[in-house]
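To start, the structure itself, in structure tokens.
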Amino acid sequence: MENPLLSFSRPLPFSSVRAEHVVPAIRAHLAEAEAKLGAISDRDATYASTLGALEAATERLEQAWEIVEHLEAVATYPEYRAAYNTVLPEVTAFWSSIPLRENVYRALVAFSERDEARTLDATRKRLLDKTLADFRRHGATLDPAGKERLAALDRELGVLTTRFTQNVLDATNAFELVLEDRSRLSGLPDADIEVARASAAAKGYSGYRLTLQAPVVTAVLTHADDRGLRETIYRAYNTRGASSAHDNAPIVARILELRREKAALLGFANFADLVTEDRMAKTGAAARRFVDDLTEKTRAAFERENRELAEFARERGGPSVLEPWDVGYFAEKLRRDRLSFDEEELRQYFEADRVLEGAFRVAERLFGVRIAAADDLPAWETQVRTYRMMDEGGREIGTFYVDPFPRENKRGGAWMHGLVAAVPPSPHIAVFCANASPPVGDRPSLLLFRDVETLFHEFGHLLHHCLSRVGVRSLACTRVAHDFVELPSQILENWCVEREALDMFARHYKTGEPIPDALLERLRAARTFRAGNAQMRQLGFAALDLALHIDYSPERDGDILTYSRRVLEKYSPTRLPDDHAMIASFLHLFGSPVGYAAGYYAYKWAEVLDADAFGRFRAEGVLNPAVGSEFRDKVLALGDSRDPMELFVSFMGREPRPEALLERQGLAA
Ligand code: ZN
């Protein structure tokens, strides 16, 4: 039988790919791509012979690899995983080799100097500029010694960030606290106590075993009445990676030094400038202005919340000065006191199938598409559903798969995967995966509110993928800047709390009643509870990230743990203990060579964008198709074919402002 990963046919061959197809097909595609890249030269450079050839060289590999990766995530088995693991390093090495190819860079430069390059349309011009900049950020203009040094820096960063990650894992696993007496867990929900009991039993202990796994830490810090227990867990958690056995402090210092040297070698003032050059923020300084501005606008509410909590704790017989291990505990008491919000009650209104249909109907109203079930597409599992998306004229613009429930051979969480980023008129292909609780008996699958938000979020990514009209694959769909990619997904979440939209799909699964006003009000109040503290925490991480990657100098600033603690303390509702060393387990910044380093600000950045853009819908109609089609044409359809700030400004008529976010969080002055 023919290898389905070698054909380029539609529909995608999901039901026929087997483990034995993976290695030969991917190696054949790699060899073909290699040959095509090798043939690119600076002789008579044209668009077609340079950028066009670069685009074409990887297209078949990319498509086969998307299928292989997707099946590894949703339908894997031991032989399949082994085949995947065999080719994964080869594929990764191939992608990272592209900007290091001298013949390709010479060809791109030669083309950029020809007349044809000056008359390119805006999208192709952007592709040329971005590709050249990308090659330069990977060292294309360095002399041989510089290239060698860059490779050495990247190698050491790879080794050290791996060791950092392993230390965090080992330090987390090295801790356990076994309590004989159930009364020390007073305050914890029964389910968490049962987890602790089962954890002890699994290790052959009697009693209750606490670990530093995130759910355990959260349960203790939120619920445990025993203040000493909270302090023990807090300190253990926030000193992970700072003990002599698993010491990440020197590793962090060295990673920062390597990143500084890398930035300098490539001609940047600091690592934040290197990372943000191709992002919406453009410079580290702009990212910092954003963080500082939002901090200033959050501070009054933050301090008000802190005073309120301190007073509440005193009334409840708590300590006169709150320590970090008291905040979560008294905040939970305050929440119960002020808000009577029951997730289980709300859930009765969110039947999974209706929510999915609801997301489709919202998209149809706003963006002029039509979504219909398609029964003729082969999938990887019988429970997977398949759909076609049509534009206003009835032309097919995308097909997509929905895989909603958990299985043993599928990974956890929810995600959108763009399987084929097409150039119209050929249709895009995407998949939306979730792990909702499946129907039990005659009770349908009912979603928690946060799962409803997740569904809308991932569907937003899917729309961004399927509505792309970009004529160049590398700039199409969701291949946009890191600090812009969450705008289309996060903006969709807004429709989950708007009455007009909710009434299209949120009905009590037994009575068919819409959500009562009082319940919706309670949901909204729960969303803004202590929002100033939540925001300040994120801003603190973002500020520390930028401080480390812009300012920090070991000669001037000294010990990295002390320096980091001092920065974070400005964003903390309490003082921080002297041994606080959160930085030593901050995987977002130090768990991979780049990861979220100098990019943590992007979480808040994207929230500002989505709240601000949603403001137009609020003002002009939550389901107003005129605003919807403008958002589609000016943002969703354009991928990365224009600078993201240009897209935002063309939709809003001005640059982003944080006021809409502050208002949504109940933090507006
Ligand atoms: Zn997302």
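The values are calculated or read from the model by the stated rules, or taken from the named source; none is laboratory data. As the structure is a computational prediction, the values presented were derived from the model and not from experiment. Heads up, the Cβs are rebuilt from the backbone with ideal geometry, glycines too, and the neighbour counts pull from every protein chain shown. We work out accessible area using only protein heavy atoms, side chains counted, and drop any ligands, DNA or RNA first. Shrake-Rupley method; radii C 1.70, N 1.55, O 1.52, S 1.80 Å.
If r is the Cβ-Cβ distance from Ala202 to Asp129 and R0 is 60 Å, what FRET efficiency results, to the nearest 0.05?
It comes to 0.60.
How much length would be gained if the chain were fully extended between Arg10 and Glu364, taking 0.36 nm per residue of separation minus their Cα-Cα distance, in nm to one decimal?
124.9 nm
Under 26 Å Cα to Cα from Lys125, which lysines show up? Leave out anything in the same chain fewer than 8 places away.
Output for Lys125: Lys36, Lys282, Lys634.
Which whole-Hz ³J(HN,Hα) couplings does region 326-339 yield from phi under the Karplus relation 6.51 cos²θ - 1.76 cosθ + 1.60, θ = phi - 60°, glycine and proline marked x?
Each residue of region 326-339 in turn: 9, 4, x, 5, 6, 4, 5, 4, 5, 4, 5, 5, 8, 10 Hz.
If the reach is capped at under 29 angstrom between alpha carbons, list the lysines near Lys333, excluding any in the same chain fewer than eight residues apart.
Straight-line reach from Lys333, under 29 Å: Lys297, Lys570, Lys604.
Rounded to the nearest Å, what's the spacing between the alpha carbon centres of region 447-490 and region 363-410? Just the number, please.
Taking the Cα centre of region 363-410 as reference, the centre of region 447-490 is 15 Å away.
Relative contact order for region 175-237: what is it in percent, counting Cα pairs under 8 Å that are at least 6 residues apart?
Computed value for region 175-237: 39 percent relative contact order.
If you average the C-alpha positions of region 516-584 and of region 203-275 separately, how far apart do those two centres end up, in angstrom?
About 14 Å separates the Cα centre of region 516-584 from the one of region 203-275.
In terms of the ratio Rg/(2.2 N^0.38 Å) built on C-alpha atoms, what value belongs to the chain?
Relative to the 2.2 N^0.38 Å estimate, the chain comes out at 1.01.
Can you give the FRET efficiency to the nearest 0.05 for Gln383 and Trp415, using r as the Cβ-Cβ distance and R₀ = 22 Å?
0.85
Send over a whole-number figure in Å² for the accessible area per residue of the chain, probe 1.4 Å.
43
Quickly work out the Asp170-to-Ser426 label distance, labels modelled 7 Å from Cα along the C-beta direction, and quote it in nm with one decimal.
Distance between the two pseudo-spin positions: 4.9 nm.
Please report, as a whole percent, how much of the solvent-accessible surface of the chain comes from carbon and sulfur atoms (probe radius 1.4 Å).
51
Non-local amide H neighbours of Gly398 (under 5 Å, H modeled in plane, Pro and chain starts lacking H): which ones?
Met389, His428
Do you know the relative contact order of the chain, to the nearest whole percent, from alpha carbon pairs under 8 angstrom that are 6+ apart?
Relative contact order here is 16 percent.
Run the numbers for Leu448 and Glu194: contour at 0.36 nm per residue of separation, minus the present Cα-Cα distance, in nm.
Taking Leu448 through Glu194 to full extension adds about 89.2 nm, to one decimal.
Give the long-range amide H neighbours of Ala242: residues separated by 5 or more places, or on another chain, with amide H under 5 Å away, using H modelled in the peptide plane at 1.01 Å from N.
Amide H to amide H, under 5 Å and 5 or more residues apart or across chains, Ala242 pairs with Asn248.
If each residue of separation counts as 0.36 nm, what is the full-extension length gain between Glu357 and Ser183 once their alpha-carbon separation is subtracted?
57.9 nm is the gain from fully extending Glu357 to Ser183.
What are the ³J(HN,Hα) values, in whole Hz, obtained from phi via the Karplus relation 6.51 cos²θ - 1.76 cosθ + 1.60 with θ = phi - 60°, for each residue of region 541-550 in sequence order, with x given for Gly and Pro?
Couplings: 5, 5, 5, 5, 3, 5, 4, 5, 9, 10 Hz.
Calculate, in whole percent, how much of the Cα-Cα pair population of region 561-669 lies beyond 17 Å.
I get 68 percent for the Cα pairs in region 561-669 exceeding 17 Å.
Describe numerically, in nm with one decimal, the distance between label points set 7 Å from Cα along Cα→Cβ at Ala152 and at Asp633.
Using points 7 Å along Cα→Cβ, the separation is 5.6 nm.
Using label points projected 7 Å from each Cα along Cα→Cβ, tell me how many nm separate Arg27 and Ala56, to one decimal.
Taking the two extended label points, one gets 2.7 nm.
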